[in-house]
Amino acid sequence: MSTAIATTERLSARSVLPVQAGWVTLGVLAASVLSLTGTWTQSPSLALCIALAVGVVAVNPRLAWALPLVGAGVIAGGMLAEMVRIPAVLGAGAVAGVGLSALAPVRTDWLDHLNASLAAAAGAAIGLWGATQILPDVVSTTSGAALAAGFMCLGAAQSLWPLALRQANGLPSARDIQKALEVRYRPPVFRAVELHEGASRHAPDPDAQRGLTEVVQWVFRLQQTLQDQDRDLATIDPVDVNKRIDEAESAPSTDAFTRERRQATARHLRRLLAHREAIATERERQSALVEYALAFLEEARAGAAVGRILPGESAPDRLGDVLSKLRTHAAEGEARRQTRRELQSS
């Protein structure tokens, strides 16, 4: 059974716990071998760094090419820490945390790397300390080495939880959707999340998974915009506004000031209708983009099913084009709003 994190951009107890179990198992096996070969007795600091590095393999075996680099970094971090009179477990744990957040098939940033590094260093040190309290002489016996490695790797593996707590998947939760959207605007977002689950489960790589997640995020944002635009449209009744225009233009008056103000009123009301038309046009564009994104997610999910039946089929194959259209629309909309603000302020 693979211990890799499920490639759905979603960290949960069901995906974190198997990785932690794999990390501990590999660390214990490595420590046992090192103990039998005498390395643990002759150079315990190097041995514990190796045991910690081997455990990182459990995070994402698919990135096998990067595992030797991460392992070498963990060992180097521990040895460098010991050279400056810092416990080797702290240096090795810090590098292991960075490697873990970099290898994990979820979206991460510098804060994730920092959190994972600190958590892994602290967890590994606490785990090693706990092992020495149970069995003070953890160096001389194979059982002691296995116990020390197990506790140390278990502590370091807790660095996965900061990633899980930060909701690294980026998908809007049901609570977020219910809080941000009225009932009639929620179904497209729930549908997008459902389609994402089916499509991303068999997405070919983490970049594709991140792209699919971004599509869902766009659906969520577009629905929020639609909700705001409908509220704006509801405040402008075109029938009532046209009636007021007619009244302002047709009302008789012999006073020049009154006639001028009524004409100005009609002009403002016509501009109001023009603004409403612009909002309505933009709303149609937003709605069309939502339909476009949902249709793509449906196709991607079906493509994932085809990929399971016909090896070699790649899905989704137009993700870049879809994201480009969504991003371009957002950028053009912001440019239009900026232009209007500049014209109004000039």
Item to complete: With θ set to phi - 60°, apply the Karplus curve 6.51 cos²θ - 1.76 cosθ + 1.60 along region 146-152 and write out the HN-Hα couplings as whole Hz, x wherever there is a Gly or Pro.
Response: 5, 5, 4, 5, x, 5, 5
Fill in: Kirkwood Rh and Cα Rg combined as Rg over Rh, evaluated for region 13-165
0.95
Worksheet item: When the Cα centres of region 13-43 and region 54-126 are compared, how far apart do they sit, in Å?
Response: 15
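Every read-out reported here was derived from the displayed coordinates using simple, explicitly stated rules and does not represent laboratory data. Predicted model, so just to flag it, every value in this text is computed and none were measured.
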